[in-house]
1. Give the angle, between 0 and 90 degrees and rounded to the nearest 10, that separates the Cα long axis of helix 152-167 from the longest principal axis of the Cα atoms of the chain.
2. Which values of log₁₀ I(q)/I(0), to two decimal places, follow from the Debye formula for the chain at q = 0.14 Å⁻¹ with a uniform point scatterer at every Cα?
3. In Å², and per residue, what accessible area does region 1-118 have when probed at 1.4 Å with the other protein chains present?
4. May I ask you to derive the FRET efficiency for Val294 and Lys13 from their Cβ-Cβ distance with R0 = 51 Å, giving the value to the nearest 0.05?
5. Rounded to the nearest 10 degrees, what's the angle between the helix 196-212 long axis and the longest principal axis of the chain, both from Cα atoms, 0 to 90?
6. Between Asp132 and Ser106, what is the FRET efficiency for a Förster distance of 25 Å, r being their Cβ-Cβ separation, to the nearest 0.05?
7. Heavy atoms only, 1.4 Å probe, whole protein assembly: order Val155, Val239, Val172 by accessible area, highest first.
8. With springs connecting C-alpha atoms under 10 Å apart, model the chain as a Gaussian network and identify which of Leu202, Leu222, Leu20 has the largest mean-square fluctuation.
Amino acid sequence: MDLTIILGKKIKKIRKQQKLTQKELSQGICTQVTISKIENYDKLPNLIILNNICKRLGIPINEVCIENSNDHSNYVFFQSLEEFCDNQQYLKAHQFIEKHNPKVKSFTSLETKYYNYFLGLTQLYVFKSLEDSLYYFNLVLLMENPTAKIDFVDVLTTNAIGVAYQLQKDSVKALTYFEKSIKQLQKFDQVDAIPYQQLIHLYLNTTEFFNSNQQYTKTFKLYKHAQKIIQKQNLTKRVDELYYEMGNTFFAINDSKQANKNYLLALATAYLNGNETLLTKIKSKLIASPFNQVLALFEEDI
């Protein structure tokens, strides 16, 4: 059976078993339209989206990828590989690739791109080889794309090339690739989903380079762009309220140190979320605390 049909049937079945609407399942992951297309066999989700859907449903990714003798375990392979690289465990990623010796011929075009991207990362961070890392990164960028659109892995790869040149102290080439990756990124503001963990690495790589070269205006511009995406996607939605309530709990048992700690965490997260109502509540809690100077930093937003 085709993987598109296998995924569509299983995701729809499990979603209904859990009494979730398509909108509820898509929240913070992709659009409701995307879920509809997946369930109607009209779309095969990328690795990032599928992984997040499975997490939302509380099921292992291979549960929706395997049907009888049809083993679509490539998803499982890439899930593990992405996790290692997302956590900067590049040696483990290299060892994982060596151990599993994947059948590259069975990869889809997107999987092949990601595979070469990860090989480039391991060459760069484990073996410190600029030449070998650029070889794999260029394989990604040279692959033909039938849709003529840039995949997010292209953006990640372009950014990684910038890192490679930065490590070689070639600031001119590094700047070229960092700026190109940021321009490419602008095209992904309205896509179904952005792989946030990898996105954060991209922002950190680029802002670190800008700061090291005293290009602070570019850093601030990039920071504002990142903040908009975080707010738009509700990545920290209600986390601020959770910290606030934890602060109230510690305050009730007279543990002022832990109370203030959680109020400050709530303050920072509420500021990020643009939660003005909660910011006002936190102000009343901190105004009599020794954190007046910290509170003053947020006064203009409260």
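1. Its long axis makes an angle of about 80 degrees.
2. The Debye formula, applied to the Cα set alone, gives -1.16.
3. Numbers: 6370 Å² over 118 residues.
Result: 54 Å² per residue.
4. Values: r = 50 Å, r/R0 = 0.98.
With a Förster radius of 51 Å, E is 0.55.
5. Once rounded, one gets 70 degrees.
6. On the way: r = 24 Å, r/R0 = 0.95.
Calculated transfer efficiency: 0.55.
7. Values: Val155 0, Val239 55, Val172 110 Å².
Of Val155, Val239, Val172, the descending order of accessible area is Val172, Val239, Val155.
8. Most flexible of the set in this elastic network: Leu20.
The values are calculated or read from the model by the stated rules, or taken from the named source; none is laboratory data. All values reported here derive from a predicted model rather than from experimental measurement. Cβ: placed from backbone, ideal geometry, glycine included. Neighbour counts: every protein chain shown. Calculation scope for accessible area: heavy atoms of the full protein, side chains included, ligands and nucleic acids excluded. Shrake-Rupley method; radii C 1.70, N 1.55, O 1.52, S 1.80 Å.
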